1. Note down the nm distance, to one decimal, between modelled labels 7 Å out along Cα→Cβ at Ser21 and at Phe125.
2. Sort region 150-212 into rounded, prolate or oblate with this rule: let a ≥ b ≥ c be the square roots of the eigenvalues of the Cα gyration tensor; rounded if a/c is under 1.5, and if a/c is not under 1.5, prolate when a/b is larger than b/c, oblate otherwise.
3. Could you run the Karplus curve 6.51 cos²θ - 1.76 cosθ + 1.60 with θ = phi - 60° over region 136-149 and give me ³J(HN,Hα) per residue in whole Hz, x for Gly and Pro?
4. Assuming a ≥ b ≥ c are the square roots of the Cα gyration tensor eigenvalues, decide whether region 1-105 counts as rounded (a/c under 1.5), prolate (otherwise, with a/b larger than b/c) or oblate.
5. Whole-Hz Karplus ³J(HN,Hα) for region 174-191, in order, using 6.51 cos²θ - 1.76 cosθ + 1.60 and θ = phi - 60°, x for Gly and Pro?
6. Assuming R0 = 22 Å, what is the FRET efficiency of Asn142 and Ser184, from their Cβ-Cβ distance, to the nearest 0.05?
7. So for the pair Gln61, Ala83, with labels modelled 7 Å out along Cα→Cβ, what separation do we get in nm?
8. Which FRET efficiency value, to the nearest 0.05, is calculated for Val177 and Thr106 with the Förster distance at 30 angstrom and r the Cβ-Cβ distance?
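Derivation of every value follows stated rules applied to the coordinates shown; laboratory data play no part. Keep in mind it's a predicted model, so treat the numbers as computed, not measured. All Cβ positions, glycine included, derive from the backbone under ideal geometry; neighbour counts span all protein chains shown.
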Amino acid sequence: GNLFNVRIADSPTNITGNLASITMEGSSTTNTGRMLLIDSSIGGTTGSLNQMQSLVVKNPQTVAPNGGLVQFNFSGNRTAVGAGFEIDDVATTNATTMQINTDALTTGNGLGISANGLTTGKALFVQTSSASTPSNGFVHFNFTGNHGGAGVKITDSGNNSGYGLESVMSGTTGFAVVGRATGSGGEAAYFESTSASRTGYAMRVLGTGTNN
C-alpha cells in the first residue's frame, strides 16, 4: 500500500502544472538543510535485510518528452567546486553504483554527454588512485557480439595541432599503448590515411629519451 498517494484518474488533458511541488522562496547562505529527504534506514542502522527501494520513477510515455522524462535543472552559475549530481556508495564487492539498461535500443544512444562550452574542462573524467593490478582494466569496454566496424570510434574535426587520442605513461616501466590480437586473424594495430592532400603521417613514432 501507500502511506502517501497523489493520483489523477480518468485520463485528464491539458495539464501544465505540477501534481506535487516543493518550493522555497528566497535564498541565504545559512540554509544548509534539504528540501526533500528519503531515508530507508531502520532505527538508525543500515538495515541489511531491507530490500525496499528508496525511489522508483515510472513513465510509459511514447512521445518525445519536453526536457526529458526525468529532468534536473540547475540554473545557478556555480563557481565553486561541487557536483550537480552526486552518488556516494559504500558497497565494496560485486555491486554496481550506476547501471544503465537499454537492451531494446537500436539507433539511439545509451548515454549522451554534451559539453559544447568547454575550454579547459572535460566532458568525461574518470579517476582512480588504486595501486592494484586490475584484471580487466580500470575502464573496460566489453563487446561480446560478432560485429563489424569499430568497437570504439573517435571522430575529431580539430585542426589546431590537437590529438584525437593521447596516452601518457609517466611511470618508469609499462606501456602507454598495447594492442593484442588473440584471434586466428586480424591485426593488432592498423593505421590508414585516406586524404590525398595530407602532408603529415598516418603513423609517427618519436623517441626523445637518451635510450630511445
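1. The modelled label-to-label distance comes out at 3.6 nm.
2. Numbers: a/c = 1.70, a/b = 1.10, b/c = 1.54.
Oblate, since a/c reaches 1.5 and b/c is not below a/b.
3. Per-residue couplings from phi come out as 10, x, 6, 10, 10, 9, 10, 9, 9, x, 7, 9, x, x Hz.
4. rounded
5. For region 174-191, the Karplus-derived couplings read x, 10, 6, 9, 10, x, 10, 10, 9, x, 7, x, x, 10, 6, 8, 9, 10 Hz, x marking Gly and Pro.
6. Details: r = 20 Å, r/R0 = 0.93.
Once rounded, the FRET efficiency stands at 0.60.
7. 2.6
8. Values: r = 32 Å, r/R0 = 1.08.
Working from the Cβ atoms, E equals 0.40.
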